[in-house]
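**Q** Structure provided below as structure tokens; questions to follow.
The values are calculated or read from the model by the stated rules, or taken from the named source; none is laboratory data. All figures in this text were calculated on a predicted structure; none of them were measured in a lab. As a convention, Cβ positions derive from the backbone with ideal geometry for all residues, glycine included, and neighbour counts pool all protein chains shown. Accessible surface areas use protein heavy atoms only, side chains included; no ligands, DNA or RNA. Shrake-Rupley method; radii C 1.70, N 1.55, O 1.52, S 1.80 Å.
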Amino acid sequence: MSQLSAGICRRLNEAPQEEIDQLASGHTVQLLSIKKVAPTSSSTTATDRFRIIISDGVHFVQAMLATQLNDLVANGDINKNTVVIIDKLACNFVQDKRLIIILDLHVVSRNEEKIGTPTAPPSTQDAPAPAVLEATSSFVTSPATSSSIGQAKPIQPQPRTGPSGRGGRSVYPIEGLSPYQNNWTIKARVTQKSDIRTWSNQRGEGKLFNVTLMDESGEIRGTGFNAVVDELYEKFEEGKVYYISKARVNLAKKKFSNLQNDYELSLEKNTEVEECLETTSVPMMKYNFVELSSLEKLERDNTCDVIGVIKEVGPLGEITSKATNRTIPKRDLTIVDMSQYSVRLTLWGKQAEQFAADDLPVVAFKGVKVGDFGGRTLSMVSSSIMTISPDIEEAHLLRGWYDGIGTEKNFQSHTSGSSGASFGGFNRNEMRHLSDVKESQLGMSDKAEFFSTRATIMHIKSENISYPACPTQGCNKKVVDLGSGWKCEKCDKTFERPEYRYIMSMAVADWSGQAWLQGFNEAGLAVFGKTADEVHEIKERNEAEYNALMAQASGVTFNFSCRAKQDTYNDQTRVRYGISRITSLDYHEEAKHLVNLLKSPWAQ
């Protein structure tokens with residue numbers, strides 16, 4: 001019991017509000033229980049909430065786990081009887097109930113026996129009711145109604161003053177904000193500030209901007225409209241820390257924000273914004289990085305954080321918005337990481353115009369949107385944040401790896417080359433033979449279906465395996481020979497010569513049967529080991545050499561990731577199998593897989 005901070009639970013339960021900050025960190029406790037809080041009938045959030053019981057070996061008290069720590073529960077890092085050190089906590093009062101929120105902790109030991117025989121402190125209050133838990137510390141999921149909390153009076157947390165306050169005003173963690181609270185102040189860093197955007201419709205004209213605010217407990221989005229733009233826009237600077245108060249807390253409009261917060265701030269004319277020069281307690285940025293090789297596991301339109309080396313910077317281009325008929329600048333980047341994958345990431349607007357990176361920097365992206373145009377792609381959205389050469393451990397590791405050995409590596413592209421094709425990864429454990437694919441009628445539903453298979457190329461239709469494409473990066477549209485040059489109708493540009501790209505149809509077979517697969521540029525590169533330009537030149541120069549190249553490609557076995565989808569042509573409907581990814585056999589990996597199969601329980 002000596003390893004626990006005896007007495008801390010009673011002090012947390014009895015200490016006046018102004019003394020709580022002095023108790024906020026460095027205490028060792030044991031977690032006696034971790035239970036998910038059932039949402040109330042008014043709840044609209046899908047975020048789990050966990051109630052915990054902490055013990056100092058003498059007494060125990062209840063607390064709530066901040067939602068940014070949910071992964072510790074999901075991953076099994078903390079469970080019953082785990083001993084932890086509390087690094088940061090907060091305490092709110094709602095309806096005269098004390099609610100302790102654990103904001104950060106780290107594990108000392110797991111799977112311990114219960115330490116001591118702790119009891120409730122002598123002055124223990126009743127546990128906060130579910131309505132109270134829902135109505136504070138962002139454990140609220142929707143405005144309370146009389147039907148959900150009976151005849152309860154409007155909930156007003158007691159103000160928090162003392163060291164974390166400012167002139168007697170309460171300073172709350174962002175996760176502690178809800179529509180039920182007034183007279184609060186947050187201390188937060190501006191991690192993202194948007195451009196001023198304007199709109200015009202039948203109801204009139206206006207302008208707006210938004211900021212992303214972050215403290216140690218979480219993030220929240222703030223938005224200002226019209227006159228508030230004139231009043232507050234210049235006050236906010238990215239990277240600086242501010243005291244912010246007198247803003248309205250509303251339910252978040254999820255389609256405009258990807259932040260993990262059920263609420264957002266409406267900045268108003270009387271909203272107070274004051275720069276804070278003491279910034280050490282407010283983190284710079286929080287990331288949850290996903291390796292580029294794992295992007296295939298994410299659904300389209302999800303958002304994620306990635307970090308990579310800028311390997312290629314595409315030229316500045318533009319698209320025309322169908323909604324507004326306005327042109328929007330865009331620029332495609334190619335980023336790579338230590339998983340030896342690359343992906344195309346698109347910048348828009350001023351970021352696209354101003355981006356310059358001649359020295360292959362490491363760049364961290366927060367909240368970029370996942371797309372499936374021609375494979376897995378990424379795109380900046382209004383709430384995304386891009387940080388060039390961030391001073392974080394992941395960036396330093398990636399920089400060292402790339403400068404040391406990364407420049408010599410070959411990177412697997414996430415581009416399938418098929419416009420609009422969804423991306424599927426090869427799954428060795430779920431391979432299907434070709435007859436099973438057909439008998440299961442994959443692709444006959446309204447949505448595309450994916451499968452993995454291993455098959456041998458039997459025949460390639462060699463008459464037309466490539467087409468003349470626009471050489472502009474990211475375009476790939478077919479160009480027209482004008483005699484004096486090749487014109488791209490999409491880009492409205494004429495080029496001296498096109499860039500040929502593969503478009504292939506091949507018959508493949510395994511032990512069970514045969515199927516026709518459609519492949520694009522990545523497939524051709526894998527099959528022939530040459531660019532479509534090189535193969536086209538061979539065909540024009542020497543027909544016999546071209547035929548020999550086609551013959552050499554036959555009889556070679558590949559692992560295929562395919563997309564099955566219905567296609568109607570000349571009033572006939574059939575299923576087409578498109579190649580999302582094609583990889584040569586890695587016999588070392590295949591042997592390891594077979595060894596693992598032999599070691600599996602059912603093989604014994």
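To keep it simple, each residue is scored yes or no on (1) on the phi < 0 side of the Ramachandran plot; (2) surrounded by fewer than 16 Cβ atoms within 10 Å (Cβ to Cβ); (3) in contact with a strand residue (DSSP E or B) (Cβ under 8 Å, 6 or more places away or on another chain); (4) at pLDDT 90 or above.
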{"site": "497", "(1), (2), (3), (4)": "yes, yes, yes, yes"}
{"site": "522", "(1), (2), (3), (4)": "yes, no, yes, no"}
{"site": "530", "(1), (2), (3), (4)": "yes, yes, no, yes"}
{"site": "534", "(1), (2), (3), (4)": "yes, yes, no, yes"}
{"site": "541", "(1), (2), (3), (4)": "yes, yes, no, yes"}
{"site": "546", "(1), (2), (3), (4)": "yes, no, no, yes"}
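**Q** Among the helices (runs of 4 or more DSSP H) confined wholly to region 434-550, which include 3 or more residues that are within 30 Å of residue 574 (Cα to Cα) and hydrophobic (A, V, I, L, M, F, W, C)? Quick ask: steps written out before the conclusion?
**A** Details: elements: 434-439, 521-528, 532-541.
Filter on region 434-550 gives 521-528.
**Q** I would also like to ask the following. Quick one: which of 572, 518, 566, 552 is modelled with pLDDT of 90 or more, open to solvent by 30 Å² or more (accessible area, probe 1.4 Å) and under 30 Å from residue 446 (Cα atoms)? Before you say what the answer is, go through the steps one by one.
**A** Numbers: 572 fails: modelled with pLDDT of 90 or more; 566 fails: modelled with pLDDT of 90 or more; 552 fails: under 30 Å from residue 446 (Cα atoms).
Within the list 572, 518, 566, 552, the selection yields 518.
**Q** On to the next question. Can you report the number of residues in region 47-63 which are β-branched (Val, Ile, Thr), closer than 11 Å to residue 31 by Cα and touching a Cys at 6+ places or on another chain (Cβ under 8 Å)? Even if it seems obvious, please write down each step before you answer.
**A** Of all residues in region 47-63, those β-branched (Val, Ile, Thr) come to 47, 52-54, 58, 61.
Subset that is closer than 11 Å to residue 31 by Cα: 52-54, 61.
Okay, now just the ones that are also touching a Cys at 6+ places or on another chain (Cβ under 8 Å), so 54, 61.
Here the count works out to 2.
**Q** Residues that are at pLDDT below 90 and on the phi > 0 side of the Ramachandran plot: find the strands (runs of 3 or more DSSP E) completely inside region 185-278 holding 1 or more of those. Steps first, answer last, please.
**A** Working: elements: 197-201, 204-214, 219-225, 241-245, 248-251, 263-267, 272-275.
Where strands (runs of 3 or more DSSP E) fall fully within region 185-278 and carry at least 1 residues being at pLDDT below 90 and on the phi > 0 side of the Ramachandran plot, they are 204-214.
**Q** Exactly one condition in (1) under 27 Å from residue 341 (Cβ atoms); (2) over 32 Å from the mean Cα position of the chain (by Cα); (3) open to solvent by 50 Å² or more (accessible area, probe 1.4 Å) is not met by residue 473; state its number.
**A** Among (1) under 27 Å from residue 341 (Cβ atoms); (2) over 32 Å from the mean Cα position of the chain (by Cα); (3) open to solvent by 50 Å² or more (accessible area, probe 1.4 Å), residue 473 violates only (2).
Matching residues to (1) closer than 21 Å to residue 384 by Cβ; (2) aliphatic (A, V, I, L, M); (3) exposed (fewer than 13 other Cβ atoms within 10 Å of the Cβ):
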site: 233; (1), (2), (3): yes, no, no
site: 244; (1), (2), (3): no, yes, no
site: 260; (1), (2), (3): yes, no, no
site: 265; (1), (2), (3): yes, yes, no
site: 291; (1), (2), (3): yes, no, no
site: 296; (1), (2), (3): yes, no, no
site: 320; (1), (2), (3): no, no, yes
site: 329; (1), (2), (3): yes, no, no
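**Q** Let me ask another. Out of (1) open to solvent by less than 20 Å² (accessible area, probe 1.4 Å); (2) in contact (Cβ under 8 Å) with a residue 60 or more places away in the chain, the odd one out for residue 310 is which?
**A** Here residue 310 meets the rest and fails (2).
**Q** Can you tell me which residue in region 202-227 is farthest from residue 90 (Cα to Cα), limited to those that are open to solvent by less than 10 Å² (accessible area, probe 1.4 Å) and of a type in the set (Val, Ile, Thr)? Full working, then the answer.
**A** So the first thing to find is which residues in region 202-227 are open to solvent by less than 10 Å² (accessible area, probe 1.4 Å), and the list is 209-215, 217, 220, 222, 224.
From what's left, of a type in the set (Val, Ile, Thr): 211-212, 220.
Values: 211: 24, 212: 22, 220: 18 Å.
Going through the qualifying residues, I end up with 211.
**Q** Further question on the same structure: Loosely packed, with under 15 Cβ neighbours inside 10 Å, modelled with pLDDT of 90 or more and closer than 15 Å to residue 518 by Cβ - does that describe any residue in region 442-457?
**A** No, region 442-457 has no match at all.
**Q** Can you find a residue that is closer than 22 Å to residue 411 by Cβ, open to solvent by 10 Å² or more (accessible area, probe 1.4 Å) and in a strand (DSSP E or B) anywhere in region 357-375?
**A** yes
**Q** Could you tell me whether any residue of region 481-489 is in contact with a Gly (Cβ under 9 Å, 6 or more places away or on another chain) and under 28 Å from residue 320 (Cα atoms)? Show your work before the answer.
**A** Taking region 481-489 and keeping what is in contact with a Gly (Cβ under 9 Å, 6 or more places away or on another chain), we get none.
Within region 481-489 (the criterion being in contact with a Gly (Cβ under 9 Å, 6 or more places away or on another chain) and under 28 Å from residue 320 (Cα atoms)), the answer is no, since none of the residues qualifies.
**Q** Name the residues in region 269-284 that are in contact with a strand residue (DSSP E or B) (Cβ under 6 Å, 6 or more places away or on another chain) and open to solvent by 40 Å² or more (accessible area, probe 1.4 Å), would you? Before the answer, list the steps.
**A** Quick first cut of region 269-284, residues in contact with a strand residue (DSSP E or B) (Cβ under 6 Å, 6 or more places away or on another chain) only: 272-276, 279, 282.
Hits for region 269-284 are 272, 274, 275, 279.
**Q** Answer yes if at least one residue in region 502-515 is touching a Pro at 6+ places or on another chain (Cβ under 9 Å), of a type in the set (Ser, Thr, Tyr) and crowded, with 16+ Cβ neighbours inside 10 Å, and no otherwise. Let's see the steps before the verdict.
**A** Taking region 502-515 and keeping what is touching a Pro at 6+ places or on another chain (Cβ under 9 Å), we get none.
No, every residue in region 502-515 fails to be touching a Pro at 6+ places or on another chain (Cβ under 9 Å), of a type in the set (Ser, Thr, Tyr) and crowded, with 16+ Cβ neighbours inside 10 Å.
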